[in-house]
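One structure below.
The values are calculated or read from the model by the stated rules, or taken from the named source; none is laboratory data. These figures come from a predicted structure and were not determined experimentally. Methodologically, a virtual Cβ is constructed for each residue, glycine included, from the backbone with ideal geometry; neighbour enumeration extends over all protein chains shown. Heads up: the accessible areas ignore ligands, DNA and RNA and are worked out on the full protein's heavy atoms, side chains in. Shrake-Rupley method; radii C 1.70, N 1.55, O 1.52, S 1.80 Å.
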Amino acid sequence: MPISLHNSLTRRTEPFVPLDPNRVTMYLCGPTVYNYVHIGNARGPVVFDVLAKLLRRHYPNVVYARNITDVDDKINAAALEQGVGIEAITGKFTDAYREDMARLGIAPPDVEPCATAHIGPIIAMIERLIADGHAYAAEGHVLFDVGSFPAYGRLSGRDTEELIAGARVEVAPYKKSPGDFVLWKPSTPELPGWDSPWGRGRPGWHIECSAMAEKHLGETIDIHAGGNDLLFPHHENEIAQSTCAHGGKTFARQWLHNGMLTFDGRKMSKSLGNVLQLHEMLKHHPAEALRLRLLSGHYRQPLDWSDAAIAQSVSTLDGWYRVLRDLADVPVDSAPLPVPEAIEAALCDDLNTPQALAELAVLADAARVQGTPEAKAALLGGGALLGLLQQDPEAWFKRVDGSAVDAARVEALIEQRQAARAARDFARADAIRAELATMGVAIEDGPQGTRWSVAKA
């Protein structure tokens, strides 16, 4: 079935038609690695991980790039404060980011370019922009001349003066126009820098993505994605510099932007003190529940985050995994799992994950009632496309969120309780159940025997 996606540039939902069906390209703006990312930074990677899975079902070759910005003023400030090189900062937080993404069930991108490994391509692109009259050097800086690109502002739908008025635009005497943005900036001795035709310096933020996308995906890419907070100025500037560097060629055929997270109805911000670090959240909540919550709203809309919402995600997964645990002895063919048509149809409709999750709930109910290999396979196959329900159900119920449970001790107590019940020593059996409860363990007697899980508050 055809895939349709909402294009931020045209403000329409359009059929997805790649430039080359044999090489579909997608680029997602990744993190600036100066600290742990917050939960909102995970929404794009989770959502577009599902899109990558969907694209791979439809096309033989998908090249998905997600970059790492590893040179930036915030990184420089952190390195200077700690008295270390920027590599110490970026190495630590790049590793943490990859680990956190993996725990959320996000597959690694096909390409993960870092800015510092692409200084040559960045300089080459800047040189082309200068040669073609779209950029100019001034006082060690190189700036893009916004006035040279008449289409500037089309992505955000506003004219240049409105954009400048609504943004934090640096006023500098070396600029021809206040809206001109930095492609290259000089570095003082204590800052990281690279030799260039304009002196020792470092790239501006926007040029990095254009150069890395060109290097790994080509001059025109099929999909460019990111949070809607990047729409201006970052993506607007990417369009301008890439289009001009490529002789007027289209930079990205479709632009996808995910909405931001709010916390109990308020925007997440450091000033409000409600920024939730993903690294910390993963210590206290099941990663799969966080993924489910991030998929629970349509990606283009804001998504409210709360403890109650996470608890609801955990409860939903408890129900679905309970079905799979009850069907543990029902065999499923090891061949690729089938993807139910209803789930694929929902995702082909501009990544309608709320509808896909509703269809997954229907499949769980059907598997509970029918108990057949086909029903179980459909539930697992639908979950796989969403990156859900791929754990061993027993592992899900015996997981520990932020505390420790001695599994061997639990199993030993359950054996003692079974022996006590067999001997009709029900007082002893009840005492063992109570002891398990104090350990935070719930037990359930059923046809399959006694099963246990970590009780959740």
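Tally up the residues in the stretch 277-295 that are open to solvent by 40 Å² or more (accessible area, probe 1.4 Å) and not charged (D, E, K, R), please.
So in the stretch 277-295, the residues open to solvent by 40 Å² or more (accessible area, probe 1.4 Å) come out as 277, 280, 283-285, 293.
Subsequent filtering for residues that are not charged (D, E, K, R) retains 277, 284-285.
Number satisfying all stated conditions: 3.
Hey, can you tell me all the residues within the stretch 345-393 that are in contact (Cβ under 8 Å) with a residue 40 or more places away in the chain, of a type in the set (D, E, K, R) and open to solvent by 40 Å² or more (accessible area, probe 1.4 Å)?
Those that are in contact (Cβ under 8 Å) with a residue 40 or more places away in the chain, of a type in the set (D, E, K, R) and open to solvent by 40 Å² or more (accessible area, probe 1.4 Å): D349, R368.
Scan the stretch 203-228 for residues that are of a type in the set (S, T, N, Q) and either within 21 Å of E87 (Cα to Cα) or surrounded by fewer than 23 Cβ atoms within 10 Å (Cβ to Cβ) (or both) and jot them down.
T220, N228
Any chance you could count how many residues in the stretch 247-269 are open to solvent by 10 Å² or more (accessible area, probe 1.4 Å), over 16 Å from P31 (Cβ atoms) and either assigned to a loop (DSSP other than H, G, I, E, B) or without any contact (Cβ under 8 Å) to a residue 60 or more places away in the chain (or both)?
The total comes to 11.
Tally time: how many residues in the stretch 172-202 are open to solvent by 20 Å² or more (accessible area, probe 1.4 Å) and among the aromatic types (F, W, Y)?
Matching residues across the stretch 172-202 total 3.
Testing A107 on (1) in contact with an Asp or Glu (Cβ under 7 Å, 6 or more places away or on another chain); (2) under 30 Å from G179 (Cβ atoms); (3) among the hydrophobic types (A, V, I, L, M, F, W, C), one condition comes back false. Which one is that?
The number of the failed condition is (2).
Check the stretch 181-203 and report whether any residue there is acidic (D, E), out of contact with any Asp or Glu (no Cβ under 7 Å at 6 or more places or on another chain), in a helix (DSSP H, G or I) and modelled with pLDDT of 95 or more. Even if it seems obvious, please write down each step before you answer.
Taking the stretch 181-203 as the starting set, the residues that turn out to be acidic (D, E) are 190, 195.
Subset that is out of contact with any Asp or Glu (no Cβ under 7 Å at 6 or more places or on another chain): 190, 195.
Now narrow it down to the ones that are in a helix (DSSP H, G or I): none.
No.
I'm checking my understanding of the structure. Among residues of the stretch 304-344 that are under 24 Å from L290 (Cα atoms) and small (G, A, S), which one is surrounded by the most Cβ atoms within 10 Å (Cβ to Cβ)?
Per the stated criteria, the residue is S313.
If I ask for residues that are among the hydrophobic types (A, V, I, L, M, F, W, C) and free of Cβ contacts under 8 Å to residues at least 24 places away in the same chain, which ones from the stretch 106-123 would you list? Quick ask: steps written out before the conclusion?
First, the residues of the stretch 106-123 that are among the hydrophobic types (A, V, I, L, M, F, W, C): 106-107, 111, 114-115, 117, 119, 122-123.
Hit for the stretch 106-123 is A117, nothing else.
Looking at this structure, is G166 open to solvent by 40 Å² or more (accessible area, probe 1.4 Å), under 31 Å from the mean Cα position of the chain (by Cα), among the small types (G, A, S) and modelled with pLDDT under 95? Working first, answer last.
Details: open to solvent by 40 Å² or more (accessible area, probe 1.4 Å): yes; under 31 Å from the mean Cα position of the chain (by Cα): yes; among the small types (G, A, S): yes; modelled with pLDDT under 95: yes.
Answer is yes for this residue.
Note down all Cβ pairs under 6 Å where the first residue falls in the stretch 11-39 and is within 14 Å of A52 (Cα to Cα) and acidic (D, E), the second is open to solvent by 30 Å² or more (accessible area, probe 1.4 Å) and at pLDDT 95 or above, and they're at least six residues apart or on different chains.
The qualifying pairs do not exist here.
Would you please name the residue that is farthest from the chain's Cα centre (by Cα), looking only at residues in the stretch 290-310 that are assigned to a helix (DSSP H, G or I) and within 18 Å of V37 (Cβ to Cβ)? Talk me through it step by step, then tell me what you get.
Step one: filter the stretch 290-310 for residues assigned to a helix (DSSP H, G or I), giving 290-295, 307-310.
Filter once more, so that each one left must be within 18 Å of V37 (Cβ to Cβ): 290-291, 293-295, 310.
Numbers: L290: 11, R291: 9, R293: 12, L294: 9, L295: 10, I310: 17 Å.
Result: I310.
In the set A131, A151, which member is more than 20 Å from C29 (Cβ to Cβ), in contact (Cβ under 8 Å) with a residue 60 or more places away in the chain and open to solvent by 20 Å² or more (accessible area, probe 1.4 Å)? Give the derivation first.
Numbers: A131 fails: in contact (Cβ under 8 Å) with a residue 60 or more places away in the chain.
On inspection, the qualifying residue turns out to be A151.
Filter the stretch 407-457 down to residues that are outside any helix (DSSP H, G or I) and of a type in the set (A, V, I, L, M, F, W, C), then give me how many there are. Working first, answer last.
Let us first name the residues in the stretch 407-457 that are outside any helix (DSSP H, G or I), namely 423-425, 439-457.
Remaining after also requiring of a type in the set (A, V, I, L, M, F, W, C): 423, 439, 441-443, 452, 454-455, 457.
So the count comes out to 9.
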